[in-house]
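Accompanying notes for the structure given below.
The values are calculated or read from the model by the stated rules, or taken from the named source; none is laboratory data. Bear in mind that the values here come from a model prediction, so they are computed numbers and not experimental data. Here Cβ is always computed from backbone atoms with ideal geometry, including for glycine, and neighbour counts include all displayed protein chains.
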4 protein chains.
Amino acid sequence: MNIGFVGLGIMGSAMAANLLKAGYQLTVWNRSPEKCEPLVASGAKAVTTPRQVAETSDIVCAMMATPQAVMAVRDGADGILAGMAPGKGYLDFSTIDLETSKETARLARERGALFLEAPVAGSRKPAEDATLTIMAAGDRALFDTALPVMEAMGKKILFLGEVGNAARMKLANNLIMGGMMASLAEGMALAARSGLDLSQLLEVLDSGAMSNPMFRLKGPAIAANAEFPPAFPLKHMQKDLRLALRLAEEVCQPLFVAATVNELYKGALASGLGDSDFAAVSRLVRG
Amino acid sequence: MNIGFVGLGIMGSAMAANLLKAGYQLTVWNRSPEKCEPLVASGAKAVTTPRQVAETSDIVCAMMATPQAVMAVRDGADGILAGMAPGKGYLDFSTIDLETSKETARLARERGALFLEAPVAGSRKPAEDATLTIMAAGDRALFDTALPVMEAMGKKILFLGEVGNAARMKLANNLIMGGMMASLAEGMALAARSGLDLSQLLEVLDSGAMSNPMFRLKGPAIAANAEFPPAFPLKHMQKDLRLALRLAEEVCQPLFVAATVNELYKGALASGLGDSDFAAVSRLVRG
Amino acid sequence: MNIGFVGLGIMGSAMAANLLKAGYQLTVWNRSPEKCEPLVASGAKAVTTPRQVAETSDIVCAMMATPQAVMAVRDGADGILAGMAPGKGYLDFSTIDLETSKETARLARERGALFLEAPVAGSRKPAEDATLTIMAAGDRALFDTALPVMEAMGKKILFLGEVGNAARMKLANNLIMGGMMASLAEGMALAARSGLDLSQLLEVLDSGAMSNPMFRLKGPAIAANAEFPPAFPLKHMQKDLRLALRLAEEVCQPLFVAATVNELYKGALASGLGDSDFAAVSRLVRG
Amino acid sequence: MNIGFVGLGIMGSAMAANLLKAGYQLTVWNRSPEKCEPLVASGAKAVTTPRQVAETSDIVCAMMATPQAVMAVRDGADGILAGMAPGKGYLDFSTIDLETSKETARLARERGALFLEAPVAGSRKPAEDATLTIMAAGDRALFDTALPVMEAMGKKILFLGEVGNAARMKLANNLIMGGMMASLAEGMALAARSGLDLSQLLEVLDSGAMSNPMFRLKGPAIAANAEFPPAFPLKHMQKDLRLALRLAEEVCQPLFVAATVNELYKGALASGLGDSDFAAVSRLVRG
């Protein structure tokens, strides 16, 4: 099976490298062509348009940062769609909105191709370690064919049904993440104002049923009330909460806690913390 | 060192058994004396009043369910205090309010004894496995002496400073726990109304940075919208949230999320879910 | 000055009648032509298309219930725009979204006409009594010309600047109204559960600084926990809160209370109260 | 009927003056005796202890600022109670906690006297104009006797049943007031960030169903984002919200909006606004 990969940012590069390690023939493209070099050195073939990637591959993977970037590599004479044909598969790992994803599905199917939206959970390290969680939704036949390909990049691969479900699943996931972080921030703030040792609170949390990697990773910076380098920018978390609340309005689900959590992130955004890590919400809570 | 143990419920029995395993001489008392039998069979000595436990021990441990029970074994002619003397130590593992704990400290010290409040995090299984987290606050000298004793029952032993800090730490811990559970409940409700598969949401959560034992333990019952046998009753969680919010008012710390979470548990209480597990808050959210 | 009126529902009929009383020459159109009859009996002229209204009038007023209805009378060969010409004015009293309003402004100006969006505050009674509040935004020259026309229908006429500001003002107004009602509902619920007499609470409220017509009008039905005939349907209030919160997100204004109020109305909606009056939010609060 | 008045602050002086105007024989006492002078000039008799007031009066009125002040004039050899006797009445207009009020009732009744707790709604101006709202609870017989006396000071006099109900009613009233103010503050903040004219928003509010004296009085200072001289200090509003939420917990009534409103006032308190008027919560919202 020939695989193509379009979009070689931090995530895409690591994922493509794992495809090479797994023995796949790989054709790659990136807007800045120098990002292709390490992969070419490991055996990949670089081409000059996304269309060429599609023409030479059975399955084309894309990993873009925004809906605009997804459309930029997808549409036009040099775009992925122009190279799609019956029997080929289009696998989009980008985390984007429902509408763009549905539009890609429609366009790919018009050309006889199959489509999966497949946003991932996990950042750089899991991408490098091939331990991502991949939430795939769309054409089941493509999921079955592409499963070994996805298994070369992730350790948990789920099929969620029709296109849109993966985007929805990611919103539910991030709603919980935003709430957990807000509760951690408030508990830490209460402990701080009560004169407790915040590193001890982190030890207590880590020794019991709530023990989780996120608290271990972000807790010390919250305890120090320090700067938060943006692993997952706060403005993106607030955007996901906003989208989750819109989904909740569509399905008529009251979410008192999430609505309050969203206002907290909005408050942090208004305080200029949008480009910090989402854990910086604790700076607003600490006051 | 002779150790005494008063209060042999589920937690106390398991903790006392671990003291025997560690080789300590153990004197025990329980209101229902038959609870002493398994321990006596393993080498403990049973006596007929809490006072006798104190008289024969260097360190007296107590593990009671309520402030009333703490006072019942502590006060009066047959109480622990009546058997305390200079040089002895009083170690109270009960999770109770600040005021009762401070009163015990005052009374123990009046008799020349040392005192630690030492609420634990963890339930039956960690008690049996000697993997409890013990939050100790009070007399540092007693902490140093009793450390090996506590290490026979827990894997994480913390000294938090003056009496009261352990109670405060437990409130901060439970505030975060209540918030995490509420966010899980809301995320699950959103997923359910959006037509997603809740067991897949649990898989996604468990495969990433939020992965934690509590979600693994409680998640399936929430997904099933089933009955929740009360491991930690909802009414106790609501009480802890109320106490945490009062502490927050004393130290002037706004807690928007926790205040909303508290109303959610109050709503669940008003719906008759007080005796269910605190995860039953999801039944209110699901509507 | 010849005036036209399109849309003779409860509000429009009353407003048009006041124009006749003020002595204006009036041309009217309504989808169901029988609504024109009372006005024709009082001296108005009925025509068969919105376009004819525009052709025979200096200023065309429209009062429609939804954006769809606005577009239906505005567009096409028989629409208002087809009859507009330089020097004429288009005055839209409908309460609709920002985008539709801006589009009407653009289209009217393309034909050389002037435009005002002019949503009103007040329902049937103030419409009949010519005591509406009219929030007008758009072309200042049309505002100055149309002021006597608007004064024939309302007692408070405000010019708010560019198109969009009237829609925004109405959202801010309704956000406050939704919050006042939610606070009334909660205060009444607290009083009820505390065994107080709710009619006495209403008396206290009405005797002091909070005294307002809305509490007087809606309070007794809340006290009785009775049915609420829909003067302003709850689903419309929830829609306005949603739009107000979206506006707040655009301008980065945290609104903790309004976000919580919105969830309360969403909860009422999920309980099947969408077609009741917005005061029915109290039924959800009462439990 | 001889009336006594103890506590001649801003409110008490104005209320006592209205009793003189109504033709009652009046005996007065105040901790700072110079406050008695204007009343003595108008015909009142000043004495040197609260006990003497009680001894010379059929009904003793008290208007104190805090529970401590209530107890200071009530207890001891020179206190009101020492001068009470069967047939006399004790009328306490102070706004205090439930427990102090119940204790006064118990002590007065022990001496054969009758008691009413009678907190008032309204501040200096209504006190001077005899237009206060008086919420009386306790002995019905005293209410009936004292009604003309109360009518000399207020325009709305309510009997609410047993002692405690007046305190509860005042909490429900202030919960609604705190929520109305918070919603006004949020609507004003949204309007400000959206570029609207805040004085126009106030005009719109005042022209419709929400029109109320509080918005008229406090609105302009909120619009100006100016200083707020403390008519009703923010810290007192937060205290009342806290007490209202505790009452809600006792009666198991969820109050999502009030809980969020309380956090907003707590945030304002943490920002140093406790001694400003409660309308200063808008400064926190404006950010």
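When region D:105-121 is filtered for residues that are within 25 Å of D:Arg246 (Cβ to Cβ) and out of contact with any Lys or Arg (no Cβ under 6 Å at 6 or more places or on another chain), the ones remaining, listed by number, are D:Ala105, D:Arg106, D:Leu107, D:Phe115, D:Leu116, D:Glu117, D:Ala118, D:Val120, D:Ala121. Quick check, is D:Leu264 within 26 Å of the chain's Cα centre (by Cα), at pLDDT 95 or above, outside the structural domain of D:Pro67 (by TED's automatic domain parsing) and crowded, with 24+ Cβ neighbours inside 10 Å? Taking the combined requirement at face value, the residue satisfies it.
Only one entry of A:Ala223, A:Ala189 meets the criterion of being of a type in the set (A, V, I, L, M, F, W, C), more than 10 Å from chain B (Cβ to nearest Cβ) and at negative phi, and that entry is A:Ala223.
Of all residues in region A:181-215, those satisfying the criterion of being in contact (Cβ under 8 Å) with a residue 40 or more places away in the chain, closer than 12 Å to B:Ala172 by Cβ and aliphatic (A, V, I, L, M) are A:Leu184, A:Ala185, A:Met188, A:Ala189, A:Ala192. Look through region A:193-220, keep the residues that are more than 8 Å from every other protein chain (Cβ to nearest Cβ) and within 22 Å of B:Phe159 (Cβ to Cβ), and return whichever of them is surrounded by the most Cβ atoms within 10 Å (Cβ to Cβ). Restricting to residues being more than 8 Å from every other protein chain (Cβ to nearest Cβ) and within 22 Å of B:Phe159 (Cβ to Cβ), the top hit is A:Phe215.
Looking only at region D:260-287, how many residues end up being more than 7 Å from every other protein chain (Cβ to nearest Cβ) and at positive phi? Residues flagged as more than 7 Å from every other protein chain (Cβ to nearest Cβ) and at positive phi within region D:260-287 amount to 1. None of D:Gly187, D:Gly195 is part of a helix (DSSP H, G or I) and either out of contact with any His (no Cβ under 7 Å at 6 or more places or on another chain) or of a type in the set (A, V, I, L, M) (or both) except D:Gly187.
Before we move on, is A:Met181 more than 22 Å from B:Phe232 (Cβ to Cβ) and more than 7 Å from chain B (Cβ to nearest Cβ)? It is true that A:Met181 is more than 22 Å from B:Phe232 (Cβ to Cβ) and more than 7 Å from chain B (Cβ to nearest Cβ). When the residues of region A:136-173 are narrowed to those that are of a type in the set (Lys, Arg) and within 18 Å of A:Asn18 (Cβ to Cβ), which ends up farthest from the other protein chains (Cβ to nearest Cβ)? Per the criteria, the residue is A:Lys155. Filter region A:71-82 down to residues that are farther than 18 Å from A:Asp139 by Cβ and either among the small types (Gly, Ala, Ser) or crowded, with 21+ Cβ neighbours inside 10 Å (or both), then give me how many there are. Here the count works out to 6.
Quick check on my filter: what residues within region C:1-16 are at pLDDT 95 or above and more than 18 Å from the chain's Cα centre (by Cα)? C:Asn2, C:Ile3, C:Gly4 - these are the residues of region C:1-16 that are at pLDDT 95 or above and more than 18 Å from the chain's Cα centre (by Cα).
Hey, any hits in region C:178-185 for a residue that's within 25 Å of C:Leu245 (Cβ to Cβ), within 17 Å of the chain's Cα centre (by Cα) and not assigned by TED's automatic domain parsing to the domain that holds C:Gln238? No: zero hits. Cβ separations smaller than 6 Å between residues 6+ apart or across chains give the following pairs from region C:135-155 residues that are over 22 Å from D:Asp206 (Cα atoms) to residues that are modelled with pLDDT of 95 or more and acidic (Asp, Glu): C:Gly138/C:Glu117.
The numbered conditions (1) buried (at least 21 other Cβ atoms within 10 Å of the Cβ); (2) out of contact with any Cys (no Cβ under 7 Å at 6 or more places or on another chain); (3) within 27 Å of B:Asp97 (Cβ to Cβ); (4) of a type outside the set (Lys, Arg) are all true for B:Leu269 except (2).
One residue alone among B:Asp240, B:Asp275 is in contact (Cβ under 8 Å) with a residue 12 or more places away in the chain, buried (at least 18 other Cβ atoms within 10 Å of the Cβ) and of a type in the set (D, E, K, R), and that residue is B:Asp240.
For region B:197-211, does any single residue satisfy the condition of being over 13 Å from B:Ser282 (Cα atoms), hydroxyl-bearing (Ser, Thr, Tyr) and more than 28 Å from the chain's Cα centre (by Cα)? Checked against the condition, which is being over 13 Å from B:Ser282 (Cα atoms), hydroxyl-bearing (Ser, Thr, Tyr) and more than 28 Å from the chain's Cα centre (by Cα), region B:197-211 yields at least one hit.
All conditions but one from (1) over 20 Å from A:Val257 (Cα atoms); (2) at pLDDT below 95 apply to B:Asn225; the one that does not is (1). Among the residues of region D:105-145, write down those that are of a type in the set (Asp, Glu) and buried (at least 24 other Cβ atoms within 10 Å of the Cβ). Of everything in region D:105-145, just one residue is of a type in the set (Asp, Glu) and buried (at least 24 other Cβ atoms within 10 Å of the Cβ), namely D:Glu117.
Among the helices (runs of 4 or more DSSP H) confined to region A:86-156, the ones with at least 1 residues that are of a type in the set (Val, Ile, Thr) and touching a strand residue (DSSP E or B) at 6+ places or on another chain (Cβ under 8 Å) are located at A:98-110, A:140-151. Of the listed requirements (1) over 21 Å from A:Lys35 (Cβ atoms); (2) in contact with a helix residue (DSSP H, G or I) (Cβ under 6 Å, 6 or more places away or on another chain); (3) surrounded by fewer than 22 Cβ atoms within 10 Å (Cβ to Cβ); (4) among the small types (Gly, Ala, Ser), A:Gly89 misses just one: (3).
Filtering region C:50-67 to residues that are outside any strand (DSSP E or B) and within 22 Å of C:Gly122 (Cα to Cα) leaves C:Met63, C:Met64, C:Ala65, C:Thr66, C:Pro67. Every condition in (1) under 29 Å from A:Ala248 (Cα atoms); (2) within 10 Å of another protein chain (Cβ to nearest Cβ); (3) touching a residue at least 12 places away in the same chain (Cβ under 8 Å); (4) not small (Gly, Ala, Ser) is met by A:Ile176 except one, and the failing one is (3).
The test for being over 19 Å from D:Leu171 (Cβ atoms), modelled with pLDDT of 95 or more and among the aromatic types (Phe, Trp, Tyr) holds for C:Phe256. Does at least one position in region B:248-259 carry a residue that is within 29 Å of A:Pro213 (Cβ to Cβ), facing chain A (nearest Cβ under 7 Å) and in contact with a strand residue (DSSP E or B) (Cβ under 6 Å, 6 or more places away or on another chain)? No, region B:248-259 contains no residue that is within 29 Å of A:Pro213 (Cβ to Cβ), facing chain A (nearest Cβ under 7 Å) and in contact with a strand residue (DSSP E or B) (Cβ under 6 Å, 6 or more places away or on another chain).
Once region A:9-57 is narrowed to residues that are charged (D, E, K, R) and free of Cβ contacts under 8 Å to residues at least 60 places away in the same chain, the residue that is surrounded by the fewest Cβ atoms within 10 Å (Cβ to Cβ) is A:Glu34.
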